[in-house]
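**Student:** Below you'll find the structure I mean.
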Amino acid sequence: MQRVIAFFILSLSWPAAVLAQGYMARVLHHPVPGGVAVIPLGTAEQAPKVFYGKDRVMVLRDSDQQWIAVVGIDLKTAAGRRAIRVEGAQGEVGFQVGAKNYKSQHITLKNKSQVNPDPEQVRRYEREYKEQIDAYRRFRDAGPSNVVLDRPVTGRLSSPFGLRRFFNGEERNAHSGLDFAVPAGTPVKAPADGVVTIVADYFFNGKTVFIDHGQGFITMYCHLSAFQVRQGQEIQRGQVVGQVGATGRATGPHLHWNVSLNNARVDPAIFINAFQP
Ligand code: ZN
């Protein structure tokens, strides 16, 4: 009887449609704001071309031979029905975005310019912001070496993705990545093969590295103390890209790690099997 009840509970929390799908669908499908929707697209010979809004979407062949669209859902997306556009006969394919509650955090910064930057700093930030969005928008046809990622550092997870943040009482953007509490100097390793698209020292993010893993799957590492790679370099999974530091707007040494799909920052915990619903 207990087994029957356990099975019934499992079926409730794990939709039958997902059970029938492949490995990547089972790991990555968390369709909430800041999450990922995995949408099956059949078994045609050629990979379908998919868009979400105006951004190209990653399409991979899963372990069950189905093509899947792996869609990043922006944190600001409201719960409800959304759709991707598949080129060709399929047209629009709908999917459901559920709700998720994220916690709040209050941070006190002594450096007032990092709470309310002066006009010169705002211009600098805007320039840097555009450069980073361009890097997030890159799309290469070559697929990633792996989508289930290695942790870039070994250490305790601290601030989770999606935290609503108040700096000196003023609400700012929610936390776009996942923090690891690790000492300065800890080597940061690439979690998959890729091309280094940005090596820069930014106002908020400090010393920053961007890696393009292919198909719009981009990761970012910031507040580094030093770089081990240069822009344009092809790197391998496990290669050291830099060392942990506290550059930019950071209250102490830690690694801030962003993961992006189709120009939507999504919860990195999903890709290291550490997602908290
Ligand atoms: Zn962070």
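**Student:** So, in the stretch 110-121, of the ones that are surrounded by 14 or more Cβ atoms within 10 Å (Cβ to Cβ) and not in a helix (DSSP H, G or I), which residue ends up modelled with the lowest pLDDT?
**Tutor:** Within the stretch 110-121, the subset surrounded by 14 or more Cβ atoms within 10 Å (Cβ to Cβ) is 114-115, 117, 121.
Going one step further and asking which of them are not in a helix (DSSP H, G or I), we end up with 115, 117.
On the way: V115: 65, P117: 77.
Once the filter is applied, the top-ranked residue is V115.
**Student:** Follow-up question, since we're still on this one. Please tell me if N273 is within 30 Å of P48 (Cα to Cα), more than 16 Å from the ligand (Cβ to nearest atom) and either among the aliphatic types (A, V, I, L, M) or surrounded by 24 or more Cβ atoms within 10 Å (Cβ to Cβ) (or both).
**Tutor:** no
**Student:** For a quick check of your reading of the model, give me the residue pairs whose first member lies in the stretch 251-263 and is assigned by TED's automatic domain parsing to the domain that holds S159, whose second is of a type in the set (K, R) and more than 8 Å from the ligand (Cβ to nearest atom), with beta-carbon atoms closer than 6 Å and at least 6 apart or on different chains.
**Tutor:** Pairs that qualify, where the first residue is assigned by TED's automatic domain parsing to the domain that holds S159 and the partner is of a type in the set (K, R) and more than 8 Å from the ligand (Cβ to nearest atom), are N258/R265; N263/R137.
**Student:** If you don't mind, another one. Among the candidates G42, G72, G88, which residue alone is surrounded by 15 or more Cβ atoms within 10 Å (Cβ to Cβ) and not assigned by TED's automatic domain parsing to the domain that holds L149?
**Tutor:** After applying the criteria, what remains is G72.
**Student:** Across the stretch 149-184, which residue is farthest from the chain's Cα centre (by Cα) among those that are surrounded by 15 or more Cβ atoms within 10 Å (Cβ to Cβ) and β-branched (V, I, T)?
**Tutor:** V182
**Student:** For W257, only one of the following conditions fails: (1) more than 13 Å from the ligand (Cβ to nearest atom); (2) in contact with a helix residue (DSSP H, G or I) (Cβ under 6 Å, 6 or more places away or on another chain). What is its number?
**Tutor:** (1)
**Student:** Let me ask another. Checking K207 against (1) within 16 Å of the ligand (Cβ to nearest atom); (2) of a type outside the set (G, A, S); (3) farther than 27 Å from F51 by Cβ; (4) open to solvent by less than 40 Å² (accessible area, probe 1.4 Å), only one condition comes out false. Which one?
**Tutor:** (4)
The values are calculated or read from the model by the stated rules, or taken from the named source; none is laboratory data. Just so we're clear, the structure is a prediction, and the values are computed from it rather than from any experiment. Glycine also receives a Cβ, built like all others from the backbone with ideal geometry; neighbour counts cover every protein chain displayed. Heavy atoms of the whole protein, side chains included, go into the accessibility calculation; ligands, DNA and RNA do not. Shrake-Rupley method; radii C 1.70, N 1.55, O 1.52, S 1.80 Å.
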